[in-house]
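Below is one structure, written out as structure tokens, with a few remarks after it.
The values are calculated or read from the model by the stated rules, or taken from the named source; none is laboratory data. Quick caveat, the model's predicted, so the values are computed rather than measured. Because the Cβ atoms are built from the backbone with ideal geometry, glycine has one as well, and the counts that use them run over all protein chains shown.
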Amino acid sequence: MGDIINLRQARKGRARAEKEKIAQSNRAKFGRTKAERERQLQDAQRQSDGLENSRRECRDDGDKI
């Protein structure tokens with residue numbers, strides 16, 4: 001005869017395993033490494049700094065145009 005199991009726990013265990021399987025595929029599909037994220041942030045910062053530094057004039061109130 002088979003072992004006695006709690007059906008609620010078995011059902012929750014299967015649901016957790018399924019969620020983990022989906023999460024693993026999403027990590028592979030959408031995830032980026034820390035180096036990739038940092039490189040993107042640095043590129044965006046460099047681009048915005050370049051735009052700000054290339055402005056020609058400032059307004060009288062001190063705000064850049």
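What the table shows:
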quantity	calculated
Scan of the stretch 28-40 for residues that are among the basic types (Lys, Arg) and surrounded by 10 or more Cβ atoms within 10 Å (Cβ to Cβ), ordered by number	32, 37, 39
Residue 56 modelled with pLDDT under 90, surrounded by 10 or more Cβ atoms within 10 Å (Cβ to Cβ) and basic (Lys, Arg)	no
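This table checks each residue for (1) polar (S, T, N, Q); (2) assigned to a helix (DSSP H, G or I); (3) at pLDDT below 95.
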| site | (1), (2), (3) |
| --- | --- |
| 2 | no, no, yes |
| 8 | no, yes, no |
| 11 | no, yes, no |
| 15 | no, yes, no |
| 19 | no, yes, no |
| 23 | no, yes, no |
| 32 | no, no, yes |
| 41 | no, yes, yes |
| 50 | no, yes, yes |
